[in-house]
Amino acid sequence: MSSNTFIAFQKNEDTRCIVEAIVDDNPGAVVVDQPAMVKVDVPGRMVIKRTTVEEKLGREFDLQELQVHLITISGHLDETDDEFCLSWEQ
Amino acid sequence: MHIDLRTITITPLRQTFGHLARRMGADKPASRYFEATMDLQPVENFHYRPTWDPAYEIFDKTRTCITMQDWYALKDPRQYYYGPWTLARGRMQETAEADFDLVEEMGLAQAYAAEGRALVNEVFVPLRHAAWASNINNSFIGSYSYGIAMSQAATFASMDQLGVAQYLTRLGLAFDGTESLAAAKDAWLQHPRWQELRRYVEDVMVLKDWFEVFIAQNVALEGLLYPLFFERLNERLNATHGPVLSLLTRFQREWFTESSKWVDAVIKSAAADNPGNKAQLSTWLREWRDRAVTALDPVVARAFGNDGPAQLGEAVAQFNARFTKAGLAP
Amino acid sequence: MTTAPPKKLSLKERYTLMTRDLAWDTTYQPMSKVYPQVGYEGIKIHDWNRWEDPFRLTMDAYWKYQAEKERKLYAILDAFNQNNGHLTVTDARYINVLKLYLGSTPPLELMAARGFTNMGRQMVGAGPRVACLMQAVDEYRHFQTQIHSVSNYNKYYNGLDEFAHQQSRMWYLSDGKSFFDDAITAGPFEFMVAIGFAFEYVLTNILFVPFISGAAYNGDLAAMTVGFSAQSDEARHMTLGLECIKFLLEQDPDNLPIVQRWIDKWTWRGTRKLGAVGMMMDYMLPKRIMSFKEAWEIYFEQNGSALFNDLARYGIKVPACFSQTVVEKEHVSHQSWIGFYMKSRAMSFHTWVPGPEELDWLSEKYPNTFDRFYRPTLEHWDKMEKQGKRFVNNTQPMNCQCCLNTIKYNEPDDPMSTCFRESVYKGEKFHFCSDHCKAIFDHEPEKYVQAYISSHQALQGNCAPEGVDVTANDFDPARYMNDFWRLDPRATGDFNGSDDQKNFAAWRAQATTN
């Protein structure tokens, strides 16, 4: 079994959409609610796609905007214009 | 049960922290700048000496030959702690973003006259490497200076200079894409016009006294470089080719005006503390000013042609007046 | 003449031009003189260009997003303060968390700021230099926003006002101070592994995620906002630490044993440092979301295992202390609280015996240990307090020469006996709380003999004011300690009967009556 990657955000309107986008794009995503924060676990590899987030938000989104809401991550990060990806070696 | 807490008035037990009350001489509310800055760097009971330099303590006043009765007299008149610093830069970047967008949308850089474009590529774009050097040298001050008043301001200045280097990179990209950057880097490394300046900043990188680094980098070099290129040359190009360059170098000009307030205040406080400081700072000032003139001379010649010596002379006169006012003998 | 507009660059290409393309190898001064610190630890770097930048933030984007965060944060702080937000916390015991937090956390953030500035000066590669400098200014941010968020509490509650003075003198703050003093006096690569990797990647989640979520749960909007806002930078810092480890291991196989030793050392030092955080979570938050043990399992054991499994391809092994921390997670928060409870006259925050429901919660969360080892002691102390005989231990503590904690933790295989270890160096005996601390000392004794241990200093008369004859037979070192610490007696002792307790109750009553 591969290790979990995770990401946690402060809870707000933007991150509600971001979490929805993660759930859509990552089968196996598990959302954990905690006071004022929300954490998402995905085994092995998690991808956040700009286009999906934009769809949910109904506006343009620069993946670097994630910086404003992030609380923590786990996994190796690779960031391009279109994808923010966390992974552990399989 | 709803509790309306706004309606109650309670008398505070105290107005501020003990170290601030002692500094201000009274228990009264302190500014957020004070709360974020004053008397917070540890000064005693360090556990270990640096393995990379065991002659000194972790924070050590003797890392410069300048002495101060109170290191927090080197206050920043802008009262920058992280919050106001980053908010001020946030506003400046918003303006810069709009300026770069406008120039790109209108194709203004592509329409810029060849003669002006050559000056941008040959004079402004290589300065991105000089700004990178300033980033390194200010991080040295941020590492080894005494007291947070100084260390935070220098660290912010270091980031500011990284920002300047990146805006100059964007300037090159806007005018001639990556070719502009490659040519500028080649010039910085090889062309005789830039070698004295490169030697200057590399020599500053090996200085040991952080206050001397402050004089060599922030006072002498930037005190001549910014007025010469970002003010004088910019005006000249605007007069001939319109204000495009001015839009794309607005950040640097605003930054220099604002940062000079800090630099002047530091010099003023240090020089006023004791005559030994004044003499030492003045010696450094003269030495590094003369070296900066030598370093900038070939670039000035390319920028202003025959008018170079006159422009440089005026800039030096203004520089001397500025630091006479700050309490030194240039 | 009009030329074609330049082609649009990808994030990676653009970032490269904005950072490493700015750098050059110096020739008028030798590189070894410009970057004097990168050689002496034995780390071999062959190609700085192999550094991968995880986050690719240029300064304009940095300022843009950070300004947005700061605007939000200070707006919330101002509103919280204007509305007497301190009275919305669950109960006044909670404020003691802030006292320990203010004494122990912002001073360390400042050390991180200074340390990362030096990394930003010393690293040869442009990628790590820029990331380190960005982290340096972030650390100034954390240091300052933390102070600003607690500043208003200081106006109404005791024990917060002398944190700046106490940071270098208070016995229970010396573990954190020694942690960062140790890191900042080490070489640059060890600092990166210590703070960037072991602390930021492996351990800070424990401090900020469950603990700050706990602050939110207890109604402290100020601490929550500052904590989470700081944590948003932390994600960047964690990737820097992880990238640094990978980079060191990929550069040369000879780096592996050095890096492994640092990982072992700093994971342990960090674990010891977090003992107090466990106590904050289990005892000091009136409303709790998870136990320290649960947090340790999620953020250290699971997340740490994911990480170390991943690093196994480079030959990295799980830190030597890992199995001991798994055993200790059932004990450490209780032992810390009991240790502090006994010393309540010498601390600027209050302690107390948890209420019956809280004890039940601890029994449920720690089924293997709490009822057997800790509940009886706490219940006994509760009885004593109710009889007017609150338990206090006034002896000078014995400190570990390495981690500076008072020696109070148990033998790994025996919860009923305290673990003592010792080493002899140059004819002098030194004491430790654990095998791991002893091993750290034994590797670098010339460094760790320098530690400033306040109980020793007191006994040697170094904490007494000028003019006191410290060699006199009747010299009483304890007499001068409160002045040495600037310790406000109102801030000490049990929470029950404290000014904080009375004031909070009176102020809350004002809001509910006419």
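Computed from the coordinates by the stated procedures, all read-outs in this text should not be read as laboratory data. None of the values given here were measured: they were computed from a predicted structure. Every residue, glycine as well, gets a Cβ built from its backbone with ideal geometry; the counts of neighbours run over all protein chains shown.
Charge tally for C:Ser348 (other residues, Cβ to Cβ under 12 Å; Lys, Arg +1; Asp, Glu -1): +2. When the Gaussian network model of chain B links Cα atoms closer than 10 Å, the mean-square fluctuations of B:Asn218, B:Asn234, B:Asn274 top out at B:Asn274. Shape call for the protein assembly as shown from the C-alpha gyration tensor, a ≥ b ≥ c root eigenvalues: rounded (a/c under 1.5), prolate (a/b greater than b/c) or oblate? It comes out prolate by the Cα gyration axes. Put the Cα centre of region B:49-72 next to the Cα centre of region C:204-239 and the gap is 34 Å. Positive-end ranking of A:Thr51, A:Gln10, A:Gln34 along the dipole of region A:4-87, with charges on Cβ about the Cα centre, is headed by A:Gln34.
Computed over neighbours whose Cβ is under 12 Å from that of C:Phe179, the net charge equals +2, Lys and Arg +1, Asp and Glu -1. Placing +1 on each Lys and Arg Cβ and -1 on each Asp and Glu Cβ, with no other charges, gives chain C a dipole about its Cα centre of roughly 820 debye. The value of relative contact order for chain C, using C-alpha pairs under 8 Å at least six residues apart, is 16 percent. Only helices enter this figure: runs of n ≥ 4 DSSP H residues, each worth -39500 (n - 2.57), summed and divided by the residues of chain B, yield -21000 deg cm²/dmol at 222 nm to the nearest 500. Positive contributions from Lys and Arg (+1) and negative ones from Asp and Glu (-1), summed over other residues with Cβ under 11 Å from the Cβ of A:Gly75, come out at -3. Treat the count of other C-beta atoms within 10 Å as a stand-in for reagent exposure and order B:Trp210, C:Trp48, C:Trp337 from fewest to most. Sorted ascending by nearby Cβ count, the order is C:Trp48, B:Trp210, C:Trp337. What number, in percent, do you get for the relative contact order of region B:70-325 if the mean sequence gap of Cα pairs under 8 Å and at least 6 apart is divided by its residue count? Relative contact order of region B:70-325: 26 percent. With a 10 Å cut-off around each Cβ of C:229-235, the average count of Cβ atoms from other chains is 5.
How many percent of Cα pairs in chain C exceed 38 Å? Everything past 38 Å amounts to 30 percent. Here the Kirkwood formula, the inverse mean of 1/r across different C-alpha pairs, assigns region B:70-325 a hydrodynamic radius of 18.7 Å. The helix-only estimate of mean residue ellipticity at 222 nm for chain A, built from DSSP H runs of length n ≥ 4 each weighted as -39500 (n - 2.57), is -7500 deg cm²/dmol after division by the residue total. Distance from the C-alpha centroid of region C:58-95 to that of region B:145-179: 28 Å, rounded to the whole angstrom.
In region B:1-157, Cα pairs under 8 Å separated by at least six residues give a relative contact order of 27 percent. Counting only Cβ charges, +1 for Lys and Arg and -1 for Asp and Glu, the dipole size of region A:4-87 around its Cα centre is about 360 debye.
Working from the Cα coordinates of region A:4-87, the gyration tensor eigenvalues give, after taking √(5λ), semi-axes of 17, 15, 12 Å in decreasing order. Helix C:255-273 axis versus longest C-alpha principal axis of chain C: approximately 30°, rounded to the nearest ten. Between the helical axis of C:95-104 and the longest alpha-carbon principal axis of chain C there is an angle of about 50 degrees.
Annotation: the residues C:Ser434, C:Ser344, C:Ser323, sorted from fewest to most other C-beta atoms within 10 Å of their own C-beta, follow the order C:Ser323, C:Ser344, C:Ser434.
Computed from Cα atoms, the angle from the helix C:375-386 axis to the main principal axis of chain C rounds to 50 degrees. Here the sum of -39500 (n - 2.57) over DSSP H runs of 4 or more residues, divided by the residues of chain C, equals -16000 deg cm²/dmol at 222 nm, to the nearest 500. Sorting C:Met119, C:Met279 by the number of Cβ atoms found within 10 Å of their own Cβ, with the fewest placed first, yields C:Met279, C:Met119.
Reducing region B:78-127 and region B:295-325 to their Cα centroids gives an inter-centroid distance of 23 Å.
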